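Let me begin by presenting the structure, written as structure tokens, before commenting on it.
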Ligand SMILES: Cc1cc2nc3c(=O)[nH]c(=O)nc-3n(C[C@H](O)[C@H](O)[C@H](O)COP(=O)(O)OP(=O)(O)OC[C@H]3O[C@@H](n4cnc5c(N)ncnc54)[C@H](O)[C@@H]3O)c2cc1C
């Protein structure tokens, strides 16, 4: 019987406890296990399997975010120039993820890269003269960086027909469209990757994995350790477990757990849940005509994570198309959560932030109401902006994962809605949590090295350094400033991850 199924009783004390079995926790657990194998680690997951929430394949879009196609990462400044600094950071961070996954394959901790990562061109598509000019300028600026070398641009219908035949169907000859294309793009099945890593940790390492175990409450003890109340959801049994270091990788439930820790750094945070839906097609004839991820601009009132895109997905060896996301509203913080999650998260420490964020984001509320009210027919109308003759019977609705957008205390506005991810750490570096959902799983390895830098700064600069450089050879260097290193690193990960571009 697999070892993790026989793990039913946690020990009273661990060096490190990780809450949640998503991509973040398994990444951090693997890093810690590699950097210091003698550490006593435990992972608690409330469900019966890893990666059942945001990290599951169909709960996210599977874009290996490298800033090749996401137009919201390259804003146009008032003087008309284009700021690519955010895009460069995200591209750098994805290269870190690819190096980490390559290391895991080299060590044979995981196998079969095609089961979780596949080449898939990333494209940006815009409509009309003005946006076409923006895209041309953007490509000119981006290709000055080695990170975006090879980005192609075209407004030529014949070329676009070759790149995106499904989208070019039934277009008028005089319609202005422009696109960029990066062949280096990827589609990632973060669910499979998480489970592969989870299996490695549970079976082949000393890490103890407890499924159906939910962390309920966190208290700081006088000796500086953390005491967790852990509930066995099968045997309805509660137990106390203590740890020197705790990572809260609980996705949407990170916020209430962080709040229960009572650390001053958690004060004023609130969460705003946004659910989502995709239109999905498995029709081979359509899939054959669309072999890329194609991102466009968000409408004026839409939040950045609602940028519409039509994507090729490769899940369990099967190709499909995904269009969306359509935003929705639910008071749950996790798909498998409770409708009481939002009301129960409101307290006197964050009510001002929540109200402030809501008051200053009324257009977003209206946008969400409009999105929620849409029926399938109306969603199909949106899809037809991409695929002119899309037929309702070829597409089905799928529920995406639940995001909890962070609301942060703001002196002027009361509260501010944030769309990025944030690592929250206490003063002593004994507890860390990841809040927010974007750019998300693609940058998990970078985010987890941030946790390690904040919580174990001496080890990261001392005894762990050599191993860290074996795991992530370019750690601490900027690829964007070094064309040779970019090329070398990409050749290495291309070979290990069996990418085909
Ligand atoms: C609609 C959508 C589209 C997205 N698209 C992309 C994309 O294209 N590319 C990308 O890189 N990222 C994308 N993301 C973001 C990405 O999915 C997330 O950033 C990532 O999966 C978060 O991983 P996680 O481990 O933090 O959380 P999760 O995967 O949600 O895992 C958290 C785990 O913690 C468990 N848990 C919760 N509470 C407890 C508790 N008290 N005790 C024990 N266990 C607990 C949960 O059951 C769950 O298994 C998208 C997200 C959404 C919602």
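Readers should treat all values here as calculations from the given coordinates under stated rules, not as data from a laboratory. Computed from a predicted structure; not experimentally measured. No Cβ is skipped: glycine too gets one built from the backbone with ideal geometry, and neighbour counts run over all protein chains shown.
With the Cα gyration tensor of segment 237-373 in hand, give its eigenvalues times 5 under a square root as the equivalent ellipsoid semi-axes, listed largest first in whole angstrom.
34, 22, 13
Please list the radius of gyration and Dmax for the chain, considering alpha-carbon atoms only, with Å as the unit.
22.6, 73
Using the count of nearby Cβ atoms within 10 Å as a rough guide to exposure, how do 442, 330, 55 rank from fewest to most?
With the sparsest Cβ surroundings first, the list reads 330, 442, 55.
Within segment 107-144, what residues put their amide N at less than 19 Å from the label point 7 Å along the Cα-to-Cβ vector of residue 81?
Of the residues in segment 107-144, 134-144 have backbone N under 19 Å from the label point off residue 81.
What is the antiparallel percent of DSSP beta bridges lying wholly in the chain, to the nearest 5?
In the chain, DSSP labels about 75 percent of beta bridges as antiparallel.
Given only helices, namely DSSP H runs of n ≥ 4 each adding -39500 (n - 2.57), what is the per-residue ellipticity at 222 nm of the chain, to the nearest 500 deg cm²/dmol?
-9000 deg cm²/dmol
Provide the gained length on full extension for the span residue 355 to residue 391, in nm with one decimal, where the gain is 0.36 nm per separating residue minus the Cα-Cα distance.
The span from residue 355 to residue 391 would gain 8.8 nm if fully extended.
With each pseudo-label sitting 7 Å past Cα toward Cβ, what's the residue 399-residue 283 distance in nm, one decimal?
A separation of 2.6 nm, rounded to one decimal place.
Subtracting the Cα-Cα distance from 0.36 nm times the residue separation, let me have the gained length for residue 316 to residue 373 in nm, one decimal.
Length difference between fully extended and current span is 17.2 nm.
Extension gain residue 140-residue 477, at 0.36 nm per residue separation less the Cα-Cα distance, in nm?
118.9 nm
In nanometres, what is the gap between the two model label sites at residue 219 and residue 159, each 7 Å from Cα along Cα-to-Cβ?
With each label placed 7 Å out from Cα toward Cβ, I get 6.6 nm.
Rg (Å, one decimal) plus Dmax (Å, integer) for the alpha carbons of segment 366-475?
Gyration radius and largest Cα-Cα distance of segment 366-475: 21.2, 60 Å.
Quick one: Cα centre-to-centre distance for segment 469-487 and segment 200-220, in angstrom?
Spelled out, the Cα-based centre of one part sits 33 Å from the other.
To the nearest 10 degrees, how steeply does helix 129-142 sit against the main Cα axis of the chain, on a 0 to 90 scale?
Between helix and principal axis, roughly 50 degrees.
When the expected Rg is taken as 2.2 N^0.38 Å, what fraction or multiple of it is the alpha-carbon Rg of segment 416-501?
Here the Cα radius of gyration is 1.30 times the empirical estimate.
Kindly list the residues of segment 248-271 that lie in the label zone of residue 39, defined by a backbone N under 17 Å from the point 7 Å along the Cα-to-C-beta vector.
Within reach of a label on residue 39, which here means backbone N under 17 Å from a point 7 Å along Cα→Cβ, segment 248-271 contributes 248-250.
Sort 489, 111 so that the residue with the fewest other Cβ atoms within 10 Å of its own Cβ comes first and the one with the most comes last.
111, 489
For 359, 163, 58, 278, which order do you get if you count the other beta carbons within 10 Å of each Cβ and list the fewest first?
359, 58, 163, 278
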